[in-house]
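Heads up: the structure comes next, in structure tokens.
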Amino acid sequence: MIKEKLIAEAGTSLFQPDSLLPAQFFAAIKYKAHACGERRLMVAILEDAVDCFQKYLWATDNRSRHLQTEAEKWFLSDDDSCPFSFVNICHALDLHPEFLRRGLLEWKARQFARRQSKLRYAETAAVLNGSAASDLPGITPAHAASGT
């Protein structure tokens, strides 16, 4: 019976997508942590940190930028002296901290690359249309000069 279940689960995992949405990821963790209040709290902390990290990546106000920066520092810290440190929460939830860090940093790199390509496209379009890149909304002279 157990062998059949393992084979059935292995077969379905082959056809699962390689990427998960944050909502799918946290839904699975919440399901596992349903019985224990401390685990639910840890899931909520981790979920809030991911949300701040992603939501405020391009924030312009100080409060939002601070939230994004603090979330990123928390993810990158190896400090395990606090019970609710990133490393301790990952271990309590049976997650690999390095795997999550790598995924978050790769997501951030893709966001920067996407933004960079949009700026290059806008600059090219401006040149082709005969206007200066600095005349485009959201592109300052510094952006136009640096290509960022």
> ALA44 passes all but one of (1) modelled with pLDDT of 95 or more; (2) loosely packed, with under 15 Cβ neighbours inside 10 Å; (3) assigned to a helix (DSSP H, G or I); which number fails?
Replying inline: (1)
> Name the pairs whose Cβ atoms lie under 8 Å apart, with the first residue in the range 66-82 and closer than 17 Å to ARG102 by Cα, the second β-branched (Val, Ile, Thr), and 6 or more positions between them or separate chains?
Replying inline: ALA71/VAL50; SER77/VAL87; ASP78/VAL87
> Which one of SER81, SER85 is assigned by TED's automatic domain parsing to the domain that holds ILE45, more than 20 Å from ALA44 (Cβ to Cβ) and out of contact with any Pro (no Cβ under 8 Å at 6 or more places or on another chain)?
Replying inline: SER81
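Out of the range 56-69, which residues are of a type outside the set (A, V, I, L, M) and surrounded by 14 or more Cβ atoms within 10 Å (Cβ to Cβ)?
We begin by selecting, within the range 56-69, every residue of a type outside the set (A, V, I, L, M); these are 56, 58, 60-66, 68-69.
The answer is TYR56, SER64, ARG65, GLN68, THR69.
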> Out of all the residues in the range 122-134, which are of a type outside the set (Ser, Thr, Tyr) and at pLDDT 55 or above?
Replying inline: ALA122, GLU123, ALA125, ALA126, VAL127, LEU128, ASN129, GLY130
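The values are calculated or read from the model by the stated rules, or taken from the named source; none is laboratory data. Remember, predicted model here, so these are calculated numbers, not experimental data. So basically every Cβ, Gly included, is an ideal-geometry build from the backbone, and we count neighbours across all protein chains shown.
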